[in-house]
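Taking it in order: structure first as structure tokens, then the write-up.
The values are calculated or read from the model by the stated rules, or taken from the named source; none is laboratory data. Remember, it's a predicted structure, so these values are computed and weren't measured experimentally. Cβ coordinates were reconstructed from backbone atoms using ideal geometry, including for glycine residues, and neighbour counts include every protein chain displayed.
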Amino acid sequence: MKKIEAPSLEQAYALAAAEFECSVTALQVEIVQFPSKGVLGLFKKPAIIVANRPYIPTVEFDNQKTYENVEDDFMDNPIESDEASTAIEPEELVLGDEFYEQADDFEEEGELEGDFYEISAQECADEVKEQINLLFKDICFDINDIEVSVYDENTLLVEFTGADAALMIGKEGYRYKALSYMLFNWINAVYGMQLRLEIAEFLKNQEESISRYLINVCDIIDQDGRAQTKVLDGVLVQIALKQLRERYPDRYVAIRSTRDGGKFIIINSYHEY
């Protein structure tokens, strides 16, 4: 995969085709940034794409080897009866004592607790760091080594930094949400840990933005005992939910959905529900 910049999308496509020595139609292209002329030459942005030419395996045939030739070869060289007799029927496959002894040793070494291996949070962070850097080692974005540390006893902090780290957030955070979903399902399923994903301080900025917005909401709650937020994006609604539950542990704080799928939070007294 290659990241390509050009003044226009047409030029970016042409450069990608020249880079991979193929036609534009043979490429897989993702537009990272659309070009912008700016205002009076200021704030001008180039077109940025990520291009890749998918590998298509080729199969070579011997044109002189026809179906009839293959059938003749088979008839001239039949399978020897001794070889055929060595095939193992399903009912003959029996696991010996050695197999079960090895299985017992594995269970003792694994020390399973529930569905997860019993390892410390730091050991979990070290394993995840090694595997996640291996996963992203060939990515086309210019990023530093991915850092994984223990945020608290139940949460791992995964941090992406580098020159192109911000490009991994995507427009309106769509890449951030997809990456967060993917990593959480892996880390939670294997290690039973929660995830805090930070990409180029995106999460920190979102938390600060929500904190400023919730000032007025909290004033209404303190005055009237109830309130609800505006419709919030998927990432923001989770941040707001956490902050409101921490501030109002004795109140009912929950997410509600609009008819078109939007999410907002209501805050009320428990006895009203």
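In summary, Asn188 fulfils each of the numbered conditions (1) within 19 Å of Val50 (Cα to Cα); (2) exposed (fewer than 15 other Cβ atoms within 10 Å of the Cβ); (3) at pLDDT below 90 with the single exception of condition (1).
Annotation note: of Arg247, Arg256, the sole residue that is free of Cβ contacts under 8 Å to residues at least 40 places away in the same chain and touching a Cys at 6+ places or on another chain (Cβ under 8 Å) is Arg247. Which of the residues that make up the stretch 151-176 are within 20 Å of Cys140 (Cβ to Cβ) and loosely packed, with under 15 Cβ neighbours inside 10 Å? Passing the criteria: Ala163, Lys171, Tyr174. From the list Leu197, Leu232, the lone residue that is surrounded by 15 or more Cβ atoms within 10 Å (Cβ to Cβ), in contact with a helix residue (DSSP H, G or I) (Cβ under 8 Å, 6 or more places away or on another chain), among the aliphatic types (A, V, I, L, M) and at pLDDT below 90 is Leu232. Taking the stretch 218-229 as the range and being surrounded by fewer than 19 Cβ atoms within 10 Å (Cβ to Cβ) and in a helix (DSSP H, G or I) as the test, the residues that pass are Cys218, Asp219, Ile220, Asp222, Gln223, Asp224. Restricting the stretch 240-264 to residues that are among the acidic types (Asp, Glu) and outside any helix (DSSP H, G or I), which is farthest from Glu207 (Cα to Cα)? Filtering first and then ranking leaves Asp260.
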